[in-house]
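Visitor: One structure follows; several queries about it will come next.
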């Protein structure tokens, strides 16, 4: 009835929209869909599931070996994996959750979402890496938190936790929030492991040197590589990535006099898992060389299986002499108190 | 049968609307009054945009106050034209036809008819936003008339236009209304429009109708002071009725005023029969027919144009009602002149038809025909 | 009739908004044994830690709003008084940041304004400094600036829409009486644009109140925690749903209050717009000769640059490839990767699909609700309208959580399906449709509806033949907003996606998480392109934001 020019335009728009929708729908429909019932469901953190992460290389191996459909669901970061498990406590949709580390263990056990299973393959794993004596969580890789610095900017990096507080590093350090980031939590525990209850004084001295406290590792590391600050809290293995894929040795990890804090990652079978048999088989699988050999270059951590060699670039991922760790029970008892006090201190 | 408005009441916190009148079939009734008197409210009530608190509305014998606005089949022309900006001229006019589900062929024919009626043939495809004010108003009229409404309401349709356009358009409106014979209620505050267009005029004040009558009678025989002073200009004098006289031409009265004793002829025209239009409450019927009692205080009322300076020219023997005064001011208006006269402390205005050389000493004597004087109770 | 219209939208909202929302928020309203109790909320309000957070949230929102308004007024003036080429383009561009996922905004901001950002590096090389001169980030300053930059286009749009319609005759009259300059503005212009100004301020306030990523990243740490950030921590990370919900409830109540204020002001502003007509405006180009013209131009360029700079940085960065020895080379590598299929293309296709579906759903939903709201006459109608816009005041994290929690017991799978994402996006987007649609419905002169009514149009036909066509431009705007919001939505999507249903923002998030910043920028650029196109279309089709 009314054929104004803008009316014609909106018709065009509608047509374009419809076309786009059709195209998109077709693409979505065309991509292979694993709607068939999965025989094993794993919740993992994002970088594990990403196409450059471990999952695309490891999962097919398991599939071929046992001829089963495996569905790996990425849920966010490790903390959210646990949260999802807790959320679904009464009606678990997954069999395995992946990413529970030694700092989160206490919470996982408290929430009682996992069932115990001791794989026979654990015999090959060094004792100190088996961080859960109840075997609700089975370790699969480990790493050390470390400060990574840009050697092109920083000529005289610190050699100890204490030296971090030196005024020459004013506003040159990026760390993460322990409430939202596992390296952040790791660092907090690191300072507690070294300074005990005096950790708050340490943080008071450290604070002027902090450029910012980010919520997650990715933001922090992104700022670091953008050059916002020459030092960031990360892992000893981070430099290896840059060597391997960017052929640069400018980023280096620092080993501190007091030692570096150890992080061991593990996975566990959920209570009430729909496919417990297959889940146990998977737990066995992760300790084998097939699985462990993929870890270094996809997850950027050390394999727990000592028989697996690390690639050449891992030369730049130094292993510290002193590895620090707080006992799980102590973490469980004091974690909230420590964090709350830290928040208060840092919010001033 | 027309539109019957019976016992309609609408109560607002500071205002009360009370209506009881009718618009006769095929007539153009003007609703005239100052702003705030409730004429637009009346229109909206009839249209169905507001509900009354009591009373009934009937059109051609059928009650319409129970109907929703969109079922009343009333055409409305708004002050701001209210043409639909997203539709062209043809679709605007055809909107009502569309609502009534006319066939495309019939619609087209009807639209052409109306475009012809408002003298805008060939405008069908135009965008309404590009039209001039006058053109828009005519389209608005065409749109209202297209679905053959049984009542046409116009809410100050010409007030947004300039004077010249107004004069031209009002003739158009009158012509169209006569041609179609549609019952019409026309709201305005412009007296000239009212006098020119109306078959009858209803003068409104503060929510009720003061007088409803032909333009001639409303002008010459106003029901009360308000009507008299609202329309046209008036001369007012305080007075006291001292004597009643009979005469061959009807009743006469003598009224004592500061400028002298004046004779007033009281008309005894028959009252309008048929459907009496009930006057406003609180006022006795045919008040202008009842002569006040002797000794009563009255206000004397006569129009400036009823004053004649040269008795011979007026063609009437007017030995009575001679008033003398001092000329205070003169306004020359081309075809006539207004002369302000001061007499015994009262200021009166004369409207003299042609240039009259006034006496050199600045005084003037004029007279008023007794039949042109009205009396109102009180001062 | 209004009631009937409400049925379908109400049912949808009940199922896909209130139910999941309730399942999460109920945690904040019950005590340990599950009975209704305000205990958590009262203890929250008594805890100095949370009070500080709430206080800081409100405080920074107030400051940000003031800054946005100050920055926006000149822009509104320019847009109202002058026409210039490329106006539409600039308007479209400056609206894009509004719908971008926070991570990209932040990425761009850091890359441009950071200590090693482009701005500082430029200044350092220009002025020969060794230390970056502008230490903007990681402070309250950064938060305020970022808020102002991303919200002041809202102020410009809303205020200029009304200002445009104010007849210059009032100002001319005042001038002839001796008023000029600031006095003129203060006494004559300001009172007239006040409804629009206040309504824009209310809206900007809500956005700043609930701002999340900007505060999280640019603030620099726990000292600058706002409500949303804390809710994020509590809900997403520590899964303390009780405190998290209680806090979210407090935030929702505050935003409801301001939503109500906004609606009332918008009513007044729309009414004022109704009364006036459009006026002819001179071209800015013609003013270039004068000093004023130059100043105006500079202002425009400056503003556009500052808003666009972070985005441009992101786009520029994506045309790279980190090759051997840490050197960067210009390359379309990532775009090749995206277009060659695989998960990147799937993310793009998914995002498009979800956005279209969201548009198709939220448009009728928002339009109907806006219509009912604008036409309802009963007392408390404004309150209902404010409640209808509630999703603006609810963190999308909470919404995502709600979906997870509420639907897990149901026999049929909702989470993990594409419609869960579409519904979540729809819920988040429809208030924006309401916002533009209801402003437009209110602007329709009552004489138009009365005329149509007298010509025989009953309530349904009034809506269909008159009011809907008249609101067309607003609907297009609303559709574009819905599209943009869906394309850029991250928080709820992160909770509800799986490999098959991955979207661009999620992909960006993942890329960042694995050192792939170039890739993240590339995907982000694709996203920006879509948003920009969507908004360009609005301005083309003559849409307005009111």
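Any read-out appearing in this document is the output of simple, stated calculations on the displayed coordinates, not a laboratory observation. The model shown is predicted, which means the values in this text are computed figures rather than measured ones. Ideal geometry is used to build each Cβ from the backbone, glycine not excepted, and the neighbour counts take in all protein chains shown.
Visitor: Rounded, prolate or oblate: pick one for chain C, where a ≥ b ≥ c are the square roots of the eigenvalues of its C-alpha gyration tensor, a/c under 1.5 means rounded, and failing that, prolate if a/b is larger than b/c, else oblate. Display every interim value, and only then the final one.
Guide: Numbers: a/c = 1.42, a/b = 1.06, b/c = 1.35.
It is rounded, given that a/c, with a ≥ b ≥ c, falls under 1.5.
Visitor: Average partner chain C-beta neighbours within 10 Å, per residue of A:220-233?
Guide: Mean partner shielding for this stretch: 5.
Visitor: Sort chain A into rounded, prolate or oblate with this rule: let a ≥ b ≥ c be the square roots of the eigenvalues of the Cα gyration tensor; rounded if a/c is under 1.5, and if a/c is not under 1.5, prolate when a/b is larger than b/c, oblate otherwise.
Guide: On the way: a/c = 1.73, a/b = 1.22, b/c = 1.41.
Because a/c hits 1.5 or more and a/b fails to exceed b/c, chain A counts as oblate.
Visitor: With a ≥ b ≥ c taken as the square roots of the eigenvalues of the C-alpha gyration tensor of region A:239-348, please select rounded if a/c is under 1.5 and otherwise prolate if a/b is larger than b/c or oblate if it is not?
Guide: Note, shape of region A:239-348 comes out oblate.
Visitor: Working from Cα positions, state the angle (0 to 90°, nearest 10) between the long axis of helix B:163-180 and the longest principal axis of chain B.
Guide: On a 0 to 90 degree scale, this one is about 70.
Visitor: Expressed in nm², what is the orientationally averaged projection area of the convex hull enclosing the Cα positions of the protein assembly as shown?
Guide: 61.5 nm²
Visitor: Over 5 Å intervals from 0, what percent of Cα-Cα pairs in region C:74-214 sits in each interval?
Guide: 2, 9, 14, 15, 14, 14, 12, 9, 6, 4, 1, 0
Visitor: At what distance in nm do the modelled label points of residue B:178 and residue C:15 sit from each other, each positioned 7 Å from its Cα along Cα→Cβ?
Guide: Using points 7 Å along Cα→Cβ, the separation is 6.6 nm.
Visitor: I need the peptides A:143-154, A:51-62, A:160-171 ranked by packing, meaning the mean over residues of other C-beta atoms within 10 angstrom, with the highest value on top.
Guide: Answer by packing, highest mean first, reads A:143-154, A:51-62, A:160-171.
Visitor: Follow-up. From the helices alone, meaning DSSP H stretches of at least four residues, give me the mean residue ellipticity at 222 nm for chain B, per-run term -39500 (n - 2.57), in deg cm²/dmol to the nearest 500.
Guide: Helix-only estimate at 222 nm: -6500 deg cm²/dmol.
Visitor: Can you give the percent of C-alpha pairs in region B:104-160 whose distance is more than 18 Å?
Guide: 34 percent
Visitor: OK, next. What's the center-to-center distance, using Cα atoms, between region A:147-226 and region B:40-59 in Å?
Guide: 78 Å
Visitor: Would you mind ranking B:265, B:244 so that the residue whose beta carbon has the fewest other beta carbons within 10 Å leads the list?
Guide: Ascending Cβ contact count within 10 Å gives the list B:244, B:265.
Visitor: Where in region C:144-175 does the label zone of residue C:183 land, with the point 7 angstrom along Cα→C-beta and an amide N cut-off under 11 Å?
Guide: So the set is C:175.
Visitor: Quick one: compute the contact order of chain B, relative version, from alpha carbon pairs under 8 angstrom and 6+ residues apart, as a percent.
Guide: Relative contact order, chain B: 16 percent.
Visitor: Restricting to DSSP H runs of at least four residues, report the calculated mean residue ellipticity at 222 nm for chain C, -39500 (n - 2.57) per run over all residues, nearest 500 deg cm²/dmol. Working shown, then result.
Guide: Working: 24 runs with 378 residues, N = 546.
So the calculated ellipticity at 222 nm is -23000 deg cm²/dmol.
Visitor: What fraction of the DSSP beta bridges in the protein assembly as shown is antiparallel, stated in percent and rounded to the nearest 5?
Guide: Values: 93 of 127 bridges.
Within the protein assembly as shown, antiparallel bridges account for around 75 percent of the total.
Visitor: As a footprinting exposure proxy, order C:449, B:66, C:170 by other Cβ within 10 Å, with the fewest listed first.
Guide: On the way: C:449 21, B:66 10, C:170 14.
Neighbour counts put them in this order, fewest first: B:66, C:170, C:449.
Visitor: Quick check: Cα centre of region C:434-491 to Cα centre of region C:83-151, how many Å?
Guide: Cα centroid to Cα centroid, the span is 35 Å.
Visitor: Most mobile of B:52, B:320, B:107 per a Gaussian network model of chain B (Cα springs, under 10 Å)?
Guide: For chain B, modelled as a Gaussian network with Cα springs under 10 Å, the answer is B:320.
Visitor: Let me confirm one metric for peptide B:77-88, namely the mean number of other chain beta-carbon atoms within 10 Å of its residues' beta-carbons.
Guide: Per residue, the average neighbour count from other chains is 5.
Visitor: Based on other C-beta atoms within 10 Å, arrange C:464, C:163, A:190 from fewest to most.
Guide: C:464, C:163, A:190
Visitor: With everything on Cα atoms, drop me the angle between helix B:133-145 and the longest principal axis of chain B, reported from 0 to 90° to the nearest 10.
Guide: In chain B, helix B:133-145 runs at an angle near 70 degrees to the longest axis.
Visitor: Gap in Å between the Cα centre of region C:33-74 and the Cα centre of region C:337-397?
Guide: Answer, in whole Å: 26.
Visitor: Right, something else. How crowded by other chains is C:340-353, given as the mean number of beta carbons from other chains within 10 Å of each beta carbon?
Guide: Numbers: counts 0, 2, 2, 4, 1, 2, 5, 0, 2, 9, 5, 1, 8, 10.
For this peptide, the per-residue mean of nearby foreign Cβ atoms is 4.
Visitor: Highest mean first, how do A:231-241, C:5-15 rank when packing is the count of other Cβ atoms within 10 Å averaged over residues?
Guide: Result, highest mean first: A:231-241, C:5-15.
Visitor: Helix B:104-117 sits at what angle to the longest principal axis of chain B, using alpha carbons and giving 0 to 90 degrees rounded to 10?
Guide: For helix B:104-117, the angle is close to 30 degrees.
Visitor: Per-residue counts of other Cβ atoms within 10 Å, averaged by peptide: what ranking do you get for B:205-214, C:109-118, highest first?
Guide: Ranked by mean Cβ neighbours within 10 Å, highest first: C:109-118, B:205-214.
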